[in-house]
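Read through the structure below, which is laid out as structure tokens, and then see the notes.
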Amino acid sequence: MTPSVSPATGSLDPGPIVRPATVADARAIAEIRIASWRATYDGIVPATILDRMDVDQGEARIGGWLADDRHCAFVVEAAPGRVAGYVLASAARDDDARGLGEVQAIYLDPAARGRNLGRPLLEAALAALAGLGFSTVILWVLTANAAARRFYERAGFRLDGATRLLDFDGTRVEEIRYRRIDSA
């Protein structure tokens, strides 16, 4: 992203900062994940699932994920020191996608949506996966999440035909898989 002049200060605004995530970011990531799930999946995922999401448990799980060098993770700061979103990626987990990369999660704080922060996050993950030798990348998205589907399609992802049903406390929710092949 090109720096712009801040109308408030008249100085250069460096724009969003995308950097590798560290274990110290685990709490902010857990908070963003929960806020984003509650804003995005209300009416798609049962309220009982959303209500019992816990920041402390999420922080512990994400901290372990960030400490594992088989994964790559980035955060975006809308302002220095303020994490506004994250992306997690690794080798694909699906048996039929061995040798591919996978974007496992990308979420923005709901207050940060619409500020062009998602694209630089996704680009950082794709570049990291390419650096690890993954020229083809998959991701899963809930079928009902139309906004995310549009975002991925604008980024060059296409449906690859795979679907699966997730069970959220007895409520089955469909997920569909997207794939992007880097033409470079």
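Rounded to whole Å, give me the distance from the Cα center of the range 92-121 to that of the range 154-181. What the calculation gives is 13 Å, centre to centre. For the residues 30, 39, 91, a GNM of the chain with alpha-carbon springs under 10 Å puts the largest fluctuation on 39.
Looking at the chain alone, DSSP beta bridges between its own residues are antiparallel in about 90 percent of cases. The label point for residue 151 and the one for residue 175, both projected 7 Å from the Cα toward the Cβ, are 1.6 nm apart. Straightening the chain between residue 47 and residue 164 buys 40.0 nm, computed as 0.36 nm per residue apart minus the Cα-Cα spacing. As a rough footprinting exposure proxy, the listed residues 157, 151 were ranked by other beta carbons within 10 Å of their own, and the order from fewest upward is 151, 157. Looking at the range 8-106, none of the chymotrypsin sites (Phe, Trp or Tyr not before Pro) sits in a DSSP loop with at most 11 other Cβ atoms within 10 Å of its own Cβ.
With each label modelled as a point 7 angstrom along the Cα→C-beta vector, the residue 54-residue 182 pair spans 3.9 nm.
Of the trypsin sites (Lys or Arg not before Pro) in the range 31-137, the ones in a loop by DSSP (not H, G, I, E or B) with at most 12 other beta carbons within 10 Å are 52, 70, 93, 98. In the set [x] 15.7, 43; [y] 17.7, 55; [z] 16.7, 54, the label that goes with Rg and Dmax of the Cα atoms in Å computed for this structure is [z].
Read the figures in this text as sums done on the coordinates, not as results from a lab. Given the structure is predicted, the values throughout are model-derived calculations rather than measurements. Every residue, glycine among them, receives a Cβ derived from its backbone with ideal geometry; neighbour counts consider all protein chains shown.
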